[in-house]
Amino acid sequence: MFDRVCNFKIKTEIDLEELELNFIDFGVDEVIKDEDGEVILYSSFENYGSIQKELENQGIEIISSEFERIPKQMKELSDNKKEEVNILIEKIEEDDDIQNVFHNMN
């Protein structure tokens, strides 16, 4: 239902193409620069440890890292159903024990 991915937000002066070439062997799929000038590396969940280790070995500062679930198929719901699902999601997110809520609703 979902693809598990990880991302690392880093701070570096290395050229994006060079950075991508350096980390492609560690499983990095995509390297982008956000509006704040920070670089984000995306990869599959399985490559998290090897990427983190290599970033530390190269002395690159990791600002944050996280796991995401990307839906394989999106579901289209009626407006009424969307509203019901959004209310449910809000109630789930209010629980202090819940860290993330993922869904596949358009």
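The values are calculated or read from the model by the stated rules, or taken from the named source; none is laboratory data. Worth saying up front: this structure is predicted, and the values here are computed from it rather than measured. As a convention, Cβ positions derive from the backbone with ideal geometry for all residues, glycine included, and neighbour counts pool all protein chains shown.
List the pairs whose first member sits in region 63-74 and is more than 21 Å from Gln52 (Cα to Cα) and without any contact (Cβ under 8 Å) to a residue 60 or more places away in the chain, whose second member is of a type outside the set (Phe, Trp, Tyr) and in a strand (DSSP E or B), and whose Cβ atoms are under 9 Å apart, counting only residues at least 6 apart or on separate chains? Between residues of region 63-74 that are more than 21 Å from Gln52 (Cα to Cα) and without any contact (Cβ under 8 Å) to a residue 60 or more places away in the chain and residues that are of a type outside the set (Phe, Trp, Tyr) and in a strand (DSSP E or B), the close pairs are Met74/Met105.
Looking at this structure, is Val39 modelled with pLDDT of 90 or more, of a type in the set (A, V, I, L, M, F, W, C) and under 14 Å from the mean Cα position of the chain (by Cα)?
The answer is yes for Val39.
Here Ser78, Ser44 are screened, and the one residue that is free of Cβ contacts under 8 Å to residues at least 60 places away in the same chain, in the same structural domain as Asn104 (by TED's automatic domain parsing) and either surrounded by 13 or more Cβ atoms within 10 Å (Cβ to Cβ) or of a type in the set (S, T, N, Q) (or both) is Ser78.
Is it the case, given these coordinates, that Tyr42 is assigned to a strand (DSSP E or B) and hydroxyl-bearing (Ser, Thr, Tyr)? Give the derivation first.
On the way: assigned to a strand (DSSP E or B): yes; hydroxyl-bearing (Ser, Thr, Tyr): yes.
Yes.
For region 47-73, what are the residues that are assigned to a helix (DSSP H, G or I), surrounded by 13 or more Cβ atoms within 10 Å (Cβ to Cβ) and within 15 Å of the chain's Cα centre (by Cα)?
Residues of region 47-73 assigned to a helix (DSSP H, G or I): 47-57.
This time we only want the ones that are surrounded by 13 or more Cβ atoms within 10 Å (Cβ to Cβ), so: 47-48, 50-52, 54-55.
Asn47, Tyr48, Ile51, Gln52, listed by residue number.
Within region 1-39, the set of residues being outside any strand (DSSP E or B) and under 30 Å from Met105 (Cα atoms) comprises Met1, Gly27, Asp34, Glu35, Asp36, Glu38.
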